[in-house]
Structure formats: C-alpha cells, structure tokens
Amino acid sequence: MARPRSFDEAAVLRAARDQFWEHGYAGTKVDDIAAATGLGKGSLYGAFGDKHALYLRVYDYYCTESTDGVRRQLEGPDETAHRRLGDHVRAIAESVAVDRERRGCLIAKGAAECSEHDEAVAARTGRAFRDLHDSLTACIAGAQRAGDIDPGPDPAHLAGLVLAVLRGLEALGKGGVEPDGIRAIAETALAVLPKP
C-alpha cells in the first residue's frame, strides 16, 4: 500500500513554477527546485517524475489557470462586452507596466524558450493561445452584437489582432519599454477597433 504524501502538492507546484518562471527551463536545476520546495530530489522524482515531467505539469497548470481566468473575465452579456474587453486589455497592460522584475508571462516564456524543440510544450502553448483567442473572439462578437464594434469585420480576425497586441506588450515590457508607453499601446489598440 502506497504511503500518503506528506506535502502540499499545490504548494510544491507553485514553488517549482516560480523557479521555472524566474530562471527558465534550462536555467532551473532540480537542486533549485528541491531547495525551494523543501523536498529531496528523490521525493520530487517519486511524486512528479523528472524535471521535464515536472515542468510540463507546472506549465499545464499555469496555462489552464491563465486561460480560465481570461475566459471568466471576458464572458458575460453582450451589453457589457466592450467594457469587459477594454478592462481586460488595460489590466494586461497594467500588469506589464508594473512588472519591475520583467518576469513576464510564463506562457510567453515557455513558448520562446521551449516550443521550437519541445513538442509537448509547443502543443500546450498552441492550445493556450487558441483558448485565449476563442475567449477574445466571443467577447468581440458580443460587442459587435451590442453595437459597440462594427459588425462587418470577422470577430476572429479582430481577436487575433488583440491577442497579438497583448502578447507583444509582454515582450515590450520585458524589453524595457516604459510603463506609459505600454499603457499608450493598449489604448491605441482599443481605439483602432472599428466603430459602428
């Protein structure tokens, strides 16, 4: 009979996530994760497998939390869709603007570092971007039905533009663009959405 685990799995995953987020996949050593979690390497391997398996677990959890959070922020009645979209874009811009450590988004970090040579990370990243795109598309379509955005353009195309701006803001923030510049780009992106 297997012994029950004597550690908080969610806390261990959060601590491992923070190591990967700060140092990247390649820059994180299992010893670093063991020190951050308080678990020995044997316990980590026994519970989560090797470093790659642990990274995929952390990355999947982060992607799921992020995309579910965005979906919840953007879903709702058509009458408030435009406001929700604006609130979301501004919130992302603000989180980038105040990110003094330039930590950025773990999805963007994982995509940049690992997707080219890691099929599992590439697949999970692609699914996260599709989920984000779907949430933005639904919100924009609602704003079009409410008469706040021109109903002519394909909402999926507009969602792709917004998603590209949001991902780009994160890259610009990591590159040191000033907070006011980040905020101005977000406002410009919202302003260029076609009015009815």
| note | Given (1) surrounded by 14 or more Cβ atoms within 10 Å (Cβ to Cβ); (2) within 17 Å of Arg84 (Cβ to Cβ); (3) small (Gly, Ala, Ser); (4) touching a Pro at 6+ places or on another chain (Cβ under 9 Å), Gly147 misses just (1)
| field | Boolean, Ala156 is surrounded by 14 or more Cβ atoms within 10 Å (Cβ to Cβ), out of contact with any Cys (no Cβ under 7 Å at 6 or more places or on another chain), assigned by TED's automatic domain parsing to the domain that holds Arg71 and touching a residue at least 24 places away in the same chain (Cβ under 8 Å) | value | no
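Across segment 61-84, what is the number of residues that are charged (D, E, K, R) and either outside the structural domain of Val121 (by TED's automatic domain parsing) or in contact with a Cys (Cβ under 9 Å, 6 or more places away or on another chain) (or both)? Step through it out loud before you land on a result.
Going residue by residue through segment 61-84, those that are charged (D, E, K, R) are 65, 68, 71-72, 75, 78-79, 83-84.
Now narrow it down to the ones that are either outside the structural domain of Val121 (by TED's automatic domain parsing) or in contact with a Cys (Cβ under 9 Å, 6 or more places away or on another chain) (or both): 75, 84.
Of the residues in segment 61-84, 2 are charged (D, E, K, R) and either outside the structural domain of Val121 (by TED's automatic domain parsing) or in contact with a Cys (Cβ under 9 Å, 6 or more places away or on another chain) (or both).
Results for (1) farther than 15 Å from Glu22 by Cα; (2) of a type in the set (A, V, I, L, M), shown as yes or no for each residue.
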{"residue": "Arg84", "(1), (2)": "yes, no"}
{"residue": "Leu106", "(1), (2)": "no, yes"}
{"residue": "Gly110", "(1), (2)": "no, no"}
{"residue": "Glu116", "(1), (2)": "yes, no"}
| said: Only one of Arg84, Arg72 is without any contact (Cβ under 8 Å) to a residue 40 or more places away in the chain and either in a helix (DSSP H, G or I) or within 30 Å of Ile140 (Cβ to Cβ) (or both). Can you tell me which? | reply: Arg72
| Quick one: which of Arg84, Arg17 is out of contact with any strand residue (DSSP E or B) (no Cβ under 9 Å at 6 or more places or on another chain) and under 20 Å from Glu113 (Cβ atoms)? | Arg17
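The values are calculated or read from the model by the stated rules, or taken from the named source; none is laboratory data. Source: prediction; values computed, not measured. Cβ atoms come from the backbone with ideal geometry, glycine included; neighbour counts cover every protein chain shown.
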